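Only one structure is covered here, and it is reproduced in the block below.
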Amino acid sequence: MTSNTRGILLAAGSSLAISNVYIFSKAALNEVHLAQFGVYWFGLGILWNLIYFFGFGKQKKAKTMKSRNWWSLLLISVLEMFSTLFFFLAIKTVETPAVVSFLANINPLFVVGLGIVVLKERFNGIEFSGMAITLIGAIIISITGVSLTQSLFIDGTQYVVISGIIYSIATLIAKKQMKNLDASYLATARLIFLFLFSLISIYYFELPFTIDKQPFINIALGSVLGPFLGGMLGYMALKYIEMTKATMVRSVRSLFVLVGAFLYFGTLPSYWQIVGGMLTMSGVVLISVGKLKLGKKKNN
C-alpha cells in the first residue's frame with residue numbers, strides 16, 4: 001500500500017468516526033450539563049488512549065523528545081482544548097447536529113486564510129473560489145430569516161466560528177511538529193486538559209457527578225469514536241498525505257452526520273441549510289484542489 005492510499009484511508013476512517021461524535025454527543029448533551037458530559041466523555045477518552053499508549057509502548061518515545069517538543073505539545077493541547085469546548089457548546093446549542101457539521105466545513109477556510117496572512121502562503125483562483133463558495137454556504141446555513149423579531153444568525157454559529165479559528169491555529173502548528181510528536185501524545189494531552197477543565201467546572205457549577213444510564217451509554221460510544229479513534233486516525237493521516245488531501249477526504253463527514261442524525265433523531269436541516277451545506281462541502285473540495293495544484297507547481 002502506498003503512503004498516499006494509506007493516508008486517504010486513515011482520513012476516511014477519521015471522518016466516519018468523527019461523524020458519529022455529532023450524533024452521540026448531541027444525544028448526551030440533550031440530557032446532561034456540558035461539564036458533566038466533559039468529565040465522562042474526556043475521562044473515558046483518556047482511558048482508551050492510555051490503553052493504546054502503553055499497549056503499543058508509546059511511552060518509550062518520551063525519551064527522544066526534546067524540551068521544545070514538549071512546549072509545542074503543551075501549546076497545541078491548550079489550543080485544541082478551547083477549540084473542542086466551543087465545538088461541543090455549538091453541538092449543545094444548535095438543534096440539529098448536521099447543521100454544526102456543515103458549518104464546521106469553514107475550518108479549511110480559516111486554515112488557508114491563516115496560512116496566507118501569517119505564513120505568506122500563495123493562493124490561486126481555484127482556492128479563492130472555494131473560499132468564497134464555502135463562506136456563502138456557511139452564511140446560507142446560518143441565516144434564520146428576515147424577521148426583525150429574530151436574530152439574523154442562528155444561535156450557536158458564533159461558537160463554530162470561534163472553534164474553527166482556534167482549530168486552524170492548532171492545525172498549522174501540529175502539521176509542523178508531526179515529525180517530532182507522536183499522534184498518541186497529542187490526543188492524550190488534549191484529553192487530559194479537557195477532563196481537568198470539565199472537573200473544575202463541575203465543582204464551580206455545583207453539579208452532581210452521577211448521570212443517568214442512557215446518556216452514559218451515548219457518551220461511552222462517542223468517546224471511543226471521537227476523542228480516541230477519530231483524533232488518532234486524523235493525526236496519523238497527516239503523516240502520509242498533505243493536510244489539504246486529508247481535509248478534502250474529511251469533507252464527506254457532513255453526509256454521514258446528515259444520515260446519522262435522521263436515523264437517530266428523525267430530524268433534518270431545512271432545505272436551504274442542506275443547500276448551504278452542499279456548498280460548504282464543494283468549497284472545501286475546491287480549496288483542497290487548488291492547494292494541491294500549488295504544491296505541484298512548487299515541485300516542478
- Query: On the given criteria, is LEU258 surrounded by 20 or more Cβ atoms within 10 Å (Cβ to Cβ), in a helix (DSSP H, G or I) and within 13 Å of the chain's Cα centre (by Cα)?
  - Reply: no
- Query: Of all residues in the stretch 1-57 being among the aromatic types (Phe, Trp, Tyr) and open to solvent by 10 Å² or more (accessible area, probe 1.4 Å), which is nearest to LEU186 (Cα to Cα)?
  - Reply: PHE53
- With respect to LEU196, is the statement that it is farther than 23 Å from PRO97 by Cβ, at pLDDT 85 or above, under 23 Å from the mean Cα position of the chain (by Cα) and open to solvent by 50 Å² or more (accessible area, probe 1.4 Å) true? yes
- Task: Keeping to the stretch 234-250, report how many residues are modelled with pLDDT under 75, in contact with a Leu (Cβ under 8 Å, 6 or more places away or on another chain) and open to solvent by 30 Å² or more (accessible area, probe 1.4 Å).
- Result: 2
- Task: Could you give me the residue pairs with C-beta distances under 7 Å whose first residue belongs to the stretch 1-25 and is more than 20 Å from PHE86 (Cβ to Cβ) and of a type in the set (A, V, I, L, M), whose second residue is open to solvent by less than 50 Å² (accessible area, probe 1.4 Å) and part of a loop (DSSP other than H, G, I, E, B) wherever it lies, and which are 6+ apart or on separate chains?
- Result: ILE8/ILE241; ALA11/ILE241
- If you scan the stretch 90-133, which residues turn out to be more than 17 Å from ILE154 (Cα to Cα), in contact with a Gly (Cβ under 6 Å, 6 or more places away or on another chain) and among the aliphatic types (A, V, I, L, M)? ILE126, ILE133
- Go through (1) open to solvent by less than 40 Å² (accessible area, probe 1.4 Å); (2) within 26 Å of SER184 (Cβ to Cβ) one by one and return the number of the condition VAL94 breaks. (2)
- Item | Within the stretch 45-126, helices (runs of 4 or more DSSP H) holding 3 or more residues that are more than 22 Å from GLY222 (Cα to Cα) and touching a residue at least 40 places away in the same chain (Cβ under 8 Å) | 67-93, 107-118
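The values are calculated or read from the model by the stated rules, or taken from the named source; none is laboratory data. The structure displayed is predicted, hence computed values, not measured ones. Virtual Cβ from ideal backbone geometry, glycine too; neighbours counted across all protein chains shown. For the accessible areas, the whole protein counts, side chains as well, though only heavy atoms, and no ligand, DNA or RNA atoms are used. Shrake-Rupley method; radii C 1.70, N 1.55, O 1.52, S 1.80 Å.
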